[in-house]
Each structure stands twice: as structure tokens, then as C-alpha cells.
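What follows is a single structure, written as C-alpha cells, with notes after it.
A short reminder: the numbers here are calculations on the coordinates, not readings from a lab. Just so we're clear, the structure is a prediction, and the values are computed from it rather than from any experiment. Positions of Cβ are backbone-derived with ideal geometry, glycine not excepted, and every protein chain shown enters the neighbour counts.
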Amino acid sequence: MKIKLDLAKCTRSGECYYNHPMLFKADKEGWPIQLKEELETADEQLEARQAVEACPAELRPLWIEE
């Protein structure tokens, strides 16, 4: 399973890196930096699903590939 991020659709709300620091961190300008793409553990997969659900951006910049 992989989590994907499209920065062109991101609104920099910070939900991903504030709530899911195992997967994301912020750069100096508030853009998310993805720390992992391959989700190897059940905890990482749960965090990724929660991050996708919590993202408020209408264009859905986060998604999961099975």
C-alpha cells in the first residue's frame, strides 16, 4: 500500500503533518513533505487512511493506492 501526495492540489492546511508526523512534516513555507510512500505496517496504513480522511482540501491531494 502507498500514500500519494499531489502538491498542486494541496492548500497547506497542515492537517497531515500536525496529526500524522510519522508520515509528513512541514517545510519552511508550510508545504507538506512526505516522509514515507510505502506503508509497511498496520499503524502506517491506519495513519495514512486517517490523513486522507482528515485533509480538508476539496481537490483531494492525498490518496491511497492499494
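Enumerate by residue number the trypsin sites (Lys or Arg not before Pro) in the chain meeting two conditions: DSSP loop (anything except H, G, I, E, B), and at most 12 other Cβ atoms within 10 Å of the site's Cβ. It would help to have the intermediate numbers written out before the result.
Details: sites: Lys2, Lys4, Lys9, Arg12, Lys25, Lys28, Lys36, Arg49; in loops: Arg12, Lys28, Lys36.
When the trypsin sites (Lys or Arg not before Pro) of the chain are filtered for loop state and at most 12 Cβ neighbours within 10 Å, Lys28 remain.
Could you quote the convex hull projected area for the chain, Cα atoms only and averaged over all directions, in nm²? Don't jump to the answer; show the numbers that get you there.
Values: hull surface 15.4 nm².
Quarter of the Cα hull surface area: 3.9 nm².
Using the count of nearby Cβ atoms within 10 Å as a rough guide to exposure, how do Glu66, Glu58 rank from fewest to most?
Details: Glu66 4, Glu58 8.
Result, fewest neighbours first: Glu66, Glu58.
Maximal additional length on extending the Leu7-Glu29 stretch stands at 6.6 nm, based on 0.36 nm per residue less the C-alpha distance. Helix 42-54 versus the longest principal axis of the chain: what angle, 0 to 90°, nearest 10, using Cα atoms? Compared with the principal axis, the helix lies near 30 degrees.
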